[in-house]
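*Asks:* To start, I am sharing the structure in question, which I have written as structure tokens.
The values are calculated or read from the model by the stated rules, or taken from the named source; none is laboratory data. It should be emphasised that the depicted structure is a prediction, and the values quoted were computed from it without experimental measurement. With ideal geometry, Cβ positions are generated from the backbone for all residues, glycine too; neighbour counts draw on all protein chains shown. Just the protein is used for accessible areas: all its heavy atoms, side chains included, with ligands, DNA and RNA removed. Shrake-Rupley method; radii C 1.70, N 1.55, O 1.52, S 1.80 Å.
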Amino acid sequence: MESTEEQGRTESSSSERRPRVRRNVTAAIAQDICADRYPSGSPLPRENDLCELYGVSRTVIRESLKVLESKGLVRGKPRVGTTVCDRDEWNILDAEVLDWMGPYIRDFDLLGCILEARRTIEPAAAEYAAERASAQEIADLDKAWRQMRDSSGEPESFTDADVMFHTVLLTASHNQVFRRLSSAIHAALTYALHASNIAVENREDAVLVHGELVEALRMRDKAGARECANRMLDLAVRDLAAAEKAIGRSK
């Protein structure tokens, strides 16, 4: 007979395993949805069939479907079953949803949408940051810029620094809505910048203008900061076109 301590360890081990299993199954179902194995408007297989397909219990399937429903990918109805929602209903700014989209993200026309959102937000955020950013925030932006400069030949590291720069910039605006947007678009921005950064061989223009923006913030130059942000976005348009051309979707 197991001691209380042994039972506690067994229960703890079980509770640690279950979420990991659920996340894996949730991701597998979600990726199948993104790949159109289960198209929008179509019903998912019955629970028993999903159990067999993914090799887990009904409890795990039910938990996974609850997660997917909370993120807008599916909708369950009594006596009807679970149906895949239209893509317009998906929470596309959710980090997990973006991860599930993975290689299919370009098929959702998200990169252009993200760029349009940045066109609206970032120039204003840069102007506000020139007036409101703390010395520490400017130092953080300078650090991110230096990391971009020093990793210009390494797309992955460059993207990490690029994302950090834009995240800090929105925070440095000291606008509460922009701060919230910073968290919401972090994952989306990662995908967008990564797609752009790997599509171009030369990132010197991007490094230059990011450095000029940092200097504009130091000088509290609001007009200069806005102008730099717009130039950054002009480069983003160019790089996005290169990314789309590279995958055969040039417009």
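Rundown of residues vs (1) acidic (Asp, Glu); (2) under 20 Å from Ala236 (Cβ atoms); (3) assigned to a helix (DSSP H, G or I), yes/no style:
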| position | (1), (2), (3) |
| --- | --- |
| Thr82 | no, no, no |
| Leu93 | no, yes, no |
| Val97 | no, no, yes |
| Trp100 | no, no, yes |
| Pro103 | no, no, yes |
| Arg146 | no, no, yes |
| Ser157 | no, yes, yes |
| Arg180 | no, no, yes |
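*Asks:* Please go through the range 29-51 and pick out each residue that is among the acidic types (Asp, Glu) and surrounded by fewer than 12 Cβ atoms within 10 Å (Cβ to Cβ).
*Replies:* If the condition is that a residue be among the acidic types (Asp, Glu) and surrounded by fewer than 12 Cβ atoms within 10 Å (Cβ to Cβ), then Asp49 is the only one that fits.
*Asks:* For the range 141-152, which positions are under 13 Å from Ala206 (Cβ atoms) and of a type outside the set (Lys, Arg)?
*Replies:* The answer is Ala144, Trp145, Gln147, Met148, Ser151, Ser152.
*Asks:* Now for a different question. Taking His174 as meeting all but one of (1) modelled with pLDDT of 95 or more; (2) part of a helix (DSSP H, G or I), write down the number of the exception.
*Replies:* Going through (1) modelled with pLDDT of 95 or more; (2) part of a helix (DSSP H, G or I) one by one, His174 breaks only (2).
*Asks:* What residue, of Gln147, Gln176, is polar (S, T, N, Q) and without any contact (Cβ under 8 Å) to a residue 12 or more places away in the chain?
*Replies:* Gln176 is the lone residue from the list that is polar (S, T, N, Q) and without any contact (Cβ under 8 Å) to a residue 12 or more places away in the chain.
*Asks:* If you don't mind, another one. Output the residue which, of all residues in the range 114-131 that are open to solvent by 70 Å² or more (accessible area, probe 1.4 Å) and touching a residue at least 12 places away in the same chain (Cβ under 8 Å), is farthest from Ala195 (Cα to Cα).
*Replies:* Glu131
*Asks:* Another question, then. Only one of (1) touching a residue at least 60 places away in the same chain (Cβ under 8 Å); (2) assigned to a helix (DSSP H, G or I); (3) open to solvent by 30 Å² or more (accessible area, probe 1.4 Å) is not met by Leu111, so which one is it?
*Replies:* (3)
*Asks:* What are the pairs, 6+ residues apart or on separate chains, where a residue within the range 39-64 that is at negative phi and in contact (Cβ under 8 Å) with a residue 24 or more places away in the chain has its Cβ under 7 Å from a residue that is open to solvent by 70 Å² or more (accessible area, probe 1.4 Å) and among the acidic types (Asp, Glu)?
*Replies:* Ser40/Asp86
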